[in-house]
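What follows draws every value from the coordinates through simple rules; no lab data is involved. Only a predicted model underlies this, so the values are computations on that prediction, with no experimental measurement involved. Positions of Cβ are backbone-derived with ideal geometry, glycine not excepted, and every protein chain shown enters the neighbour counts.
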Amino acid sequence: MIEIRNLHKHFGDLHVLKGIDLEVKKGEVLSVIGSSGSGKSTLLYCINSLEKIQQGTVKIDGIDVHAKSTDVNKLRQKLGMVFQQWNSFPHLTAMENVALAPRIVKGKSKAEALHIAETQLKHVGLGDKLKSYPSALSGGQQQRLAIARALAMEPEYMLFDEATSALDPEKVGEVLDTMRLLAEEGMTMICVTHEMGFARDVSDRVAYFHHGVMEEIGPPEQIFDNPVSAHTQKFLANVR
Amino acid sequence: MQETITFFSGFGISDFWFLADAALKTLWISVLSISVGTVLGVIFGWMLHEGKWLAALTIGSILDIFRSVPLIIQLVLFYNFAPMIGLNLDPFGSGVVILTIYTAALVSNVARGGIEAVPTPMRKASRTLGMSYWQDLFYIVLPIGGRAVFPAWIGVVLGVMKDSALVSVLGYVELLKASQILITRTQEPFLILALAGAFYFALSYPISRYAAKFEQRWAQ
């Protein structure tokens, strides 16, 4: 379980997250929506310690992410993350991209790591691109490669930071389908997204962020059909 | 009949081998300086990147001096003044020390550029896979940044190899010094300088060709 208590994050004078309280249970899919600059992505960065926090706690299965004694590199193996930009390693083939972390972080043998890579690439529908370099793949394929790369570490949670925002419109579907597949398989996911259709169809709960505050959280029907907060209503009216 | 004494004699095959041997010495002093200088330069470049203003103020300033002062002055100063601090190095040793620091100074900037050529999000992505700082540095930053600045590094290599000719001012008989000796004896500057140039070309050209091949392969 991911437990966030009274989380505050500042960038200099800018107060980006203002006391977030949130719990995400195993197997749950949470979508985080909100306008740009509302602190959605920063929340993900604080969950896997890519950003330091100023106040509060973030716990993953009871382990305090920001405690000095925590082995962050080990903890991150539980947390797969996919970014807006796919960040494929350009000097490695698709297989090598996926096999690298299992080999050097988990200490798997080369053959074992390549086997994992092949399985995960087939899982995301890239079975025919095993030997391709990222430069030969489309944006959508590279994003699926990034998902396979994260899955190869056998994470218990997946964090998606606007995984489809940088894609050409016709490539968005293939990445969302892969995310849907993971949700159906029972993966615990936090998805920061602008894809309202995905948030509504796939999520167990949707959270709306506004200026660093979690204004509203609840089942998709509640957020999309009967939002309580005036900010949520205004946001949804604008994106529809 | 009175015999005439000749001071000059023509260019012979043994002189060719003399030049070839000197070319090997140029190669040796260059390989040694460039290898050690590159390793040091990468370490300095990393320190400049990570250490920010503190590193820029300390090592950055020292490396700036080595980059800015003409190599010939560095060589003469070091060779003549190093014994004052107990460093009695022969011309070869002095040449290696100065060429190494000079290479390191040039490579440090190239290396820093290479590290900075790897986008921060990519480094964050590798860290989210559980890689440690050092794993990210060796498996991601070094190969990606290295490729980005490889042409610049080759430029440094070729430059240092040609600049190694300046070690001749200390009396080390490398290619240029050997040519000067032969010119004095044979009085055939055109032939000998052309030969010395051909030797430099033979040393540098394969490096450029191999470099171009690597770049081509990486571009695919």
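If you plug each phi of segment A:138-148 into the Karplus form 6.51 cos²θ - 1.76 cosθ + 1.60 with θ = phi - 60°, what whole-Hz ³J(HN,Hα) values come out, in order, with x for Gly and Pro?
3J(HN,Hα) across segment A:138-148, in whole Hz: 6, x, x, 5, 5, 5, 5, 4, 4, 5, 4.
Under 18 Å Cα-Cα from A:K131, which lysines qualify once same-chain neighbours fewer than 8 residues away are excluded?
A:K110, A:K122
Would you give the gap between the C-alpha center of segment B:5-81 and the C-alpha center of segment B:83-151, rounded to a whole Å?
17 Å
For A:K234, which aspartates and glutamates qualify as cross-link partners when the Cα separation must be under 16 Å and same-chain residues fewer than eight apart are set aside?
Counting by Cα, and skipping residues close in sequence, A:K234 has these aspartates and glutamates nearby: A:E215, A:E216, A:D225.
Which whole-number percentage describes the relative contact order of chain B, with Cα contacts under 8 Å and a sequence gap of 6 or more?
Relative contact order comes out at 31 percent.
Select from B:S126, B:A196, B:F18 the residue farthest towards the positive end of the dipole of chain B; place +1 on Cβ of Lys and Arg, -1 on Cβ of Asp and Glu, and compute about the Cα centre.
So the residue we want is B:S126.
Can you work out the Karplus-derived ³J(HN,Hα) for every residue in segment A:78-86? Use 6.51 cos²θ - 1.76 cosθ + 1.60 with θ = phi - 60°, whole Hz, and x for glycine or proline.
7, 10, x, 9, 10, 9, 4, 8, 6
Among the lysines, which fall within straight-line cross-link reach of A:K26, defined as a Cα-Cα distance under 16 Å, with same-chain neighbours fewer than 8 residues apart omitted?
Correct list for A:K26: A:K59, A:K78.
For B:D163, A:D13, A:D204, A:D168, which order do you get if you count the other beta carbons within 10 Å of each Cβ and list the fewest first?
A:D13, A:D168, A:D204, B:D163
Where Lys and Arg each count +1 and Asp and Glu each count -1, what net charge lies around B:E50 among other residues with Cβ under 14 Å from its Cβ?
So the surrounding residues net to +1.
Multiply the residue separation of B:Y210 and B:D21 by 0.36 nm, subtract the distance between their alpha-carbon atoms, and state the gained length in nm to one decimal.
Length gained between B:Y210 and B:D21: 65.7 nm.
So what's the net charge close to A:N73: Lys and Arg +1, Asp and Glu -1, counting the other residues with Cβ under 12 Å from its Cβ?
Once positives and negatives cancel, what remains is +3.
Within chain B, how many Lys pairs that are eight or more residues apart, or on different chains, come under 29 Å at the alpha-carbon?
For chain B, qualifying lysine pairs total 6.
Please report A:K234, A:K9, A:K78 as a ranked list, fewest other C-beta atoms within 10 angstrom at the top and most at the bottom.
Ordered from fewest to most neighbouring Cβ atoms within 10 Å, A:K234, A:K9, A:K78 come out as A:K234, A:K78, A:K9.
Taking θ = phi - 60°, what integer Hz values does the Karplus form 6.51 cos²θ - 1.76 cosθ + 1.60 yield along segment A:56-73, in sequence order, with x for Gly and Pro?
x, 9, 10, 10, 10, 6, x, 8, 6, 4, 9, 6, 4, 7, 6, 7, 4, 4
Net charge within 14 Å of B:A23 by Cβ-Cβ distance, Lys/Arg positive one each and Asp/Glu negative one each, not counting B:A23 itself?
0
Using amide H atoms built 1.01 Å from N in the peptide plane, name the residues 5+ places from A:S132, or on other chains, whose amide H lies under 5 Å from its own.
A:A94, A:M95
Taking H as built 1.01 Å from N, whose amide H comes closer than 5 Å to the amide H of A:V16, not counting residues under 5 places away?
Correct list: A:K9, A:H10, A:F11.
Based on the alpha-carbon gyration tensor of the protein assembly as shown and its eigenvalue square roots a ≥ b ≥ c, which shape applies: rounded if a/c is under 1.5, prolate if not and a/b is larger than b/c, or oblate?
prolate
Amide H of A:V29: which non-local residues (sequence gap of 5 or more, or other chain) have their own amide H closer than 5 Å, using H built in the peptide plane?
Sorted by chain and number, the residues that satisfy this are A:M189, A:D204, A:R205.
Rounded, prolate or oblate: which fits segment B:18-214, taking a ≥ b ≥ c as square roots of the Cα gyration tensor eigenvalues, rounded meaning a/c under 1.5, else prolate when a/b beats b/c?
oblate
Which ordering of B:T26, B:T186, A:T178 is given by a fewest-first count of other beta-carbon atoms within 10 Å?
Listing B:T26, B:T186, A:T178 from fewest to most nearby Cβ atoms yields B:T186, A:T178, B:T26.
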